[in-house]
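For reference, the structure is listed below as structure tokens.
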Amino acid sequence: MLSTSPTLGSVRVVQQLDALRQLLEPHRAYGPMRQYLTRFDDARRARMLLLADIIASSPGGTPV
């Protein structure tokens, strides 16, 4: 899922990914889930780097 579309980088997509991550976090003790969440966090950071200019410059924008 993470590599399917790394260019999906709108604020809304990042917020939806954050909500998904919150749902998955309780399962972190399971090894494959822990590995997935590590990759998930890396992908989120990459998306946030792409959005940094948009979030910082948009009036009334809410940081994620």
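Matching residues to (1) touching a His at 6+ places or on another chain (Cβ under 7 Å); (2) open to solvent by 80 Å² or more (accessible area, probe 1.4 Å); (3) at pLDDT below 85:
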residue: S10; (1), (2), (3): no, no, yes
residue: A29; (1), (2), (3): no, yes, no
residue: R34; (1), (2), (3): no, yes, no
residue: A43; (1), (2), (3): no, no, yes
residue: A46; (1), (2), (3): no, no, yes
residue: L51; (1), (2), (3): no, no, yes
residue: I54; (1), (2), (3): no, yes, yes
residue: S57; (1), (2), (3): no, yes, yes
residue: T62; (1), (2), (3): no, yes, yes
> Would you say L24 is assigned to a helix (DSSP H, G or I), at pLDDT 75 or above, aliphatic (A, V, I, L, M) and over 12 Å from the mean Cα position of the chain (by Cα)?
Replying inline: yes
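The values are calculated or read from the model by the stated rules, or taken from the named source; none is laboratory data. All figures in this text were calculated on a predicted structure; none of them were measured in a lab. Glycine also receives a Cβ, built like all others from the backbone with ideal geometry; neighbour counts cover every protein chain displayed. Ligands, DNA and RNA are excluded from the accessible area calculation, which covers all protein heavy atoms including side chains. Shrake-Rupley method; radii C 1.70, N 1.55, O 1.52, S 1.80 Å.
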